[in-house]
Amino acid sequence: MDETKVHDLDYYLSLRYRIVLTPEVEGWSATVPDLPGCIAVGDSKAETLEGWQHHLNVACSSQNQTITRTNSPTSL
């Protein structure tokens, strides 16, 4: 029996994920270990974090993705 609990998109967007900011040659990158393949870049930390939030909202909403508990955040 599959015990994977699926929540709606708003639930996952409200969770706090650990974001890893990395200095790059020109600016910053942000990745989230619990969401492989998602990355944001920017000239400053603030711009990168804003880009990350926008990317998460647009990517998940536009693709109407179903997110499972495997994408739930691990302990911060």
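Just so you know, all these numbers are worked out from the coordinates, no wet-lab data involved. Only a predicted model underlies this, so the values are computations on that prediction, with no experimental measurement involved. Note that each Cβ is placed from the backbone with ideal geometry, even for glycine, and that neighbours are counted across all protein chains shown.
Sorted ascending by nearby beta carbons within 10 Å, beginning with the fewest, Asp43, Asp10, Asp34 become Asp10, Asp43, Asp34. Under the combined filter of DSSP loop state and at most 13 neighbouring Cβ atoms within 10 Å, the stretch 9-59 retains these GluC sites (Glu not before Pro): Glu26.
Gain on full extension, evaluated as 0.36 nm per residue between Ile39 and Asp8 minus their Cα-Cα distance, stands at 9.0 nm. Placing pseudo-labels 7 Å out from each Cα toward the beta carbon at Thr22 and His54 gives an inter-label distance of 2.2 nm.
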